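The values are calculated or read from the model by the stated rules, or taken from the named source; none is laboratory data. Since the model is a prediction, treat every value here as computed from it, not as a measurement. Quick reminder, even Gly has a Cβ in these numbers, built from the backbone with ideal geometry, and neighbours come from all protein chains shown. Remember, those area values only see protein heavy atoms, side chains included, never the ligands or the DNA or RNA. Shrake-Rupley method; radii C 1.70, N 1.55, O 1.52, S 1.80 Å.
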Amino acid sequence: MYNVWENVLAEIEQKISSSNFSTWFHDTSLISTDDGHIIIGVKNSFFIKQLRSKFLDIIKEALINNDIKVKDIDFKIENKSKSKVHPREITSFVSVKQKLPSLNSLKATKNQKTGLNPKYTLDNFVIGSNNDLAVAAAKSIINNPGTSYNPFFLYGGSGLGKTHLIQAIGNEILKNHPDFKVLYTPISDFYADFVDSVLKGKGKEFSTKFRSLDVLIIDDFQLIVNKEKSQEEFFNIFNNLHQSNKQIIVTSDRLPSEIKTVDERMANRLTWAGAFDLQLPKFEDKCAILRSKANLTGAEIEDEAIEYIAENVNTNIRDLESELSTILLMSDVRGLTPLELINNGSVNVSHEPKLHTATPKRIIEKVAKYYSLTPTELKSKSRVANIKNARQIAMYLLSEDLSLSTNKIAAEVGVSDHTTVLHGVKKIKNDLKLNFNLREQINEIKGKIYD
């Protein structure tokens with residue numbers, strides 16, 4: 001039965017994201033298939049809820065494709081170990097037994113030579129569906145600095161982990177290349193240093209300092225000032241480093257084309273190798289982040305408490321970790337478990353973004369409008385390329401943002417069966433890995449959905 005389940009898992013892995021697979025299927029087992037009554041072993045009740053609500057159709061299809069009769073599917077909790085670590089990609093980097101920093105200890109003194117905080121690493125960066133593409137690019141840069149994804153432009157809202165990820169890249173590069181000259185600096189510090197060098201007549205020393213780098217990491221690029229000389233200096237440094245195959249890494253809260261103070265030449269160069277975004281974590285990603293942070297600090301917290309925080313914090317990772325830290329502190333002070341605090345009303349977690357709520361109707365309307373179609377045209381049987389493409393993007397957003405079942409998505413977009421949905425969603429996921437224009441289109445559509 002083990003071999004059969006391995007085959008089933010291999011098929012499931014081809015149909016969902018790697019982060020979802022490693023989170024929800026890594027530690028599952030096939031207990032029984034008697035007379036079509038399938039029983040799957042899982043770690044806890046939290047996993048049962050997620051597998052039942054999000055992946056039941058995919059599991060059923062994979063079982064049938066492996067010649068297993070399916071009448072119904074049930075789940076049973078198997079306590080294989082006492083560890084509560086959720087299987088994430090992070091487990092390949094870090095052992096939870098390590099004595100790692102507490103949630104608020106990442107403000108350690110930075111390296112004065114590089115500007116890097118040594119405690120920002122890939123070991124304590126949780127990888128999920130909201131950031132896996134950016135992390136994949138980051139790993140490629142670490143292995144081949146200056147040749148892969150250069151420049152690396154990373155953008156996203158506040159509190160989503162941009163600074164953590166780019167400093168982790170810098171720290172990992174230094175591990176592999178101790179002789180490299182790496183510098184992390186916010187763009188505001190770059191500007192202040194440039195002005196100071198001009199006032200002191202040390203412009204040449206300033207230019208030499210930056211042009212001698214192997215890796216330049218610029219943070220918060222959206223704050224660049226609209227000053228001709230400073231932008232020209234940055235432009236020249238950028239070109240010099242890029243032509244010498246030196247790695248350039250830049251973060252911003254928006255795309256360069258949306259920053260009014262950046263001229264067109266600079267905006268184009270920053271996205272030569274594409275632009276990667278960090279998105280708001282989905283529910284399962286938030287649960288994984290919270291569990292990882294709790295494990296890294298040795299804190300005990302119930303799965304139900306993790307789920308409560310994840311459901312009620314819908315802003316960013318910073319707020320998510322802040323709420324976890326607060327609850328763990330209250331738990332320690334009052335001598336109650338986190339779940340006891342929640343159940344007796346001592347904790348009231350609520351962080352909601354000021355955004356429209358996504359609904360199937362709103363997603364379909366916004367996708368259709370973006371591609372100059374009507375919702376009726378999008379949901380038609382037409383196989384015209386632009387209509388088919390818009391329909392598949394709507395399928396993808398309904399799956400990723402609303403976690404609708406394939407059958408529900410099929411009904412919403414007017415296709416005949418769930419296999420068409422599986423194909424459409426998979427196609428968009430695969431295209432997103434290399435098609436940066438598509439990524440920007442989907443981000444613009446999301447902006448219109450939630451604006």
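Summary table
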{"read-out": "Hull shadow area, averaged, segment 164-207 [alpha-carbon convex hull, nm²]", "value": "3.7 nm²"}
{"read-out": "Listed candidates (i) 1.04; (ii) 0.99; (iii) 0.96 - label of the one calculated as Rg/Rh (Cα atoms, Kirkwood Rh)", "value": "(ii)"}
{"read-out": "Interchain or long-range residues, amide H under 5 Å from residue 41's placed H", "value": "29, 30, 31, 76"}
{"read-out": "Residue-count net charge about residue 410 - beta-carbon cut-off 12 Å; Lys, Arg +1, Asp, Glu -1", "value": "0"}
{"read-out": "Carbon and sulfur %, accessible surface of the chain computed with the full protein complex present, 1.4 Å", "value": "49 percent"}
{"read-out": "Segment 271-288-segment 426-451 distance, computed between alpha-carbon centres (Å)", "value": "12 Å"}
{"read-out": "Rough spin-label spacing in nm, given labels placed 7 Å along Cα→Cβ, for residue 202 and residue 244", "value": "1.9 nm"}
{"read-out": "Neighbourhood net charge (14 Å Cβ-Cβ; Lys/Arg +1, Asp/Glu -1) for residue 32", "value": "-2"}
{"read-out": "Average silhouette area of segment 213-269, convex hull of alpha-carbon atoms, in square nanometres", "value": "3.6 nm²"}
{"read-out": "Per principal axis, descending, Cα span of segment 393-450 in whole Å", "value": "29, 25, 16"}
{"read-out": "Å² of accessible area per residue within the chain, as computed with a 1.4 Å probe and no ligands counted", "value": "48 Å²"}
{"read-out": "Where chymotrypsin sites (Phe, Trp or Tyr not before Pro) in DSSP loops with at most 14 other Cβ within 10 Å are excluded, longest remaining stretch of the chain", "value": "273-451"}
{"read-out": "Kyte-Doolittle mean at least -0.5, axial Cα span of 24 Å or more - DSSP H helices of the chain", "value": "317-334, 385-402"}
{"read-out": "Pairwise centroid distance, computed over Cα atoms, of segment 161-187 with segment 123-145, Å", "value": "13 Å"}
{"read-out": "Relative frequency of Cα-Cα separations exceeding 22 Å in segment 294-437, percent", "value": "54 percent"}
{"read-out": "Surrounding net charge for residue 375, when Lys and Arg each add one and Asp and Glu each subtract one, Cβ distance under 9 Å", "value": "+1"}
{"read-out": "Helix-only mean residue ellipticity at 222 nm for the chain, each DSSP H run of n ≥ 4 adding -39500 (n - 2.57), per residue, nearest 500", "value": "-15500 deg cm²/dmol"}
{"read-out": "Alpha-carbon Debye profile of segment 108-232, log10 I(q)/I(0) at 0.13, 0.16 Å⁻¹", "value": "-0.57, -0.84"}
{"read-out": "Principal axis dimensions, largest first and in whole angstrom, of segment 295-345 by Cα", "value": "29, 24, 17"}
